[in-house]
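No lab work stands behind these numbers, since they all come straight from the coordinates. As the structure is a computational prediction, the values presented were derived from the model and not from experiment.
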Amino acid sequence: MDVNKVLVRAFVSIVVSIDLTDDEDIDPDIATDILEPAAALFRNLSDEGRREVTSLILECAEMEENPERKRAILGLPEAIGLLDED
């Protein structure tokens, strides 16, 4: 498997798991502190790179069978700022 796919899948898995965890288990401020630096790296990509990452995230959503996780994955590109803000 392509290393980019593996890295994006790992990122998606971690982000969605943290996102769907109860606030009592992971403080939302701490979760943000953990995830924001990684999300910033993706936002700093070229437009082409951001499109590629978005496409890979959407591939992850297609493979996801759990509806709640799938919804969270589908919202991820916007949540981490990959989509154009037109």
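Please say if the stretch 1-52 is rounded, prolate or oblate, where rounded means a/c under 1.5 for a ≥ b ≥ c the square roots of the C-alpha gyration tensor eigenvalues, and otherwise the choice is prolate for a/b larger than b/c and oblate otherwise?
Because a/c hits 1.5 or more and a/b fails to exceed b/c, the stretch 1-52 counts as oblate.
Once every Cα of the stretch 15-84 carries one equal point scatterer and solvent is ignored, give the base-10 log of I(q)/I(0) from the Debye formula at q = 0.14 Å⁻¹, two decimals.
Per q value, in the given order, log10 I(q)/I(0) is -0.45.
Give the distance, in whole Å, between the Cα centre of the stretch 45-86 and the Cα centre of the stretch 1-27.
For the stretch 45-86 versus the stretch 1-27, the Cα centre distance is 12 Å.
Subtracting the Cα-Cα distance from 0.36 nm times the residue separation, let me have the gained length for residue 84 to residue 36 in nm, one decimal.
Details: separation 48, 0.36 × 48 = 17.28 nm, distance 1.80 nm.
Between residue 84 and residue 36, full extension yields 15.5 nm more.
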